[in-house]
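Below: one structure, written as structure tokens.
The values are calculated or read from the model by the stated rules, or taken from the named source; none is laboratory data. Treat the numbers as computed from the prediction; the structure is a model and nothing was measured. Cβ atoms come from the backbone with ideal geometry, glycine included; neighbour counts cover every protein chain shown.
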Amino acid sequence: VDFALTYFVVTGELERSKVPCWLVIPDAGGYSVLTSWAAGKFGGSVIGNFVKECGIAEKTKNRGLIIPGKVAVIQSDVKPDVADNMPGWNVVVGPLESMELPKFLKEYMESKSVSATV
């Protein structure tokens, strides 16, 4: 989401990971993840539409989408809703804390490599 503090913290951790990835940021009115979800600004249709509109699908062959770990508490509502709105995409919930992103991304990429060769 476009909560300023979240953006800068997450961007720093993504860069630290050195894992090539895209950060897509839907307009959530500057709210945090849970507040934007409660306000109806962060859900499956919003995310699905944003991903389609921003053109990221044309920029990558990967169809993996990692949604913020803060939605883990509402995962049963958000993740299936996102997946329903993004057919063909693998939707996973990321870590709760941004400092866990580098490790999470490396493990995610390793798991994709292993499953691709099996």
Discussion item. Take the conditions modelled with pLDDT of 85 or more and loosely packed, with under 15 Cβ neighbours inside 10 Å and apply them to residue 106. Does it pass?
Written reply: yes
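For the stretch 32-51, enumerate the residues that are surrounded by fewer than 15 Cβ atoms within 10 Å (Cβ to Cβ) and in contact (Cβ under 8 Å) with a residue 24 or more places away in the chain.
Within the stretch 32-51, 45, 49 meet the criteria.
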Worksheet item: Hey, any hits in the stretch 38-59 for a residue that's at pLDDT 85 or above and among the acidic types (Asp, Glu)?
Response: yes
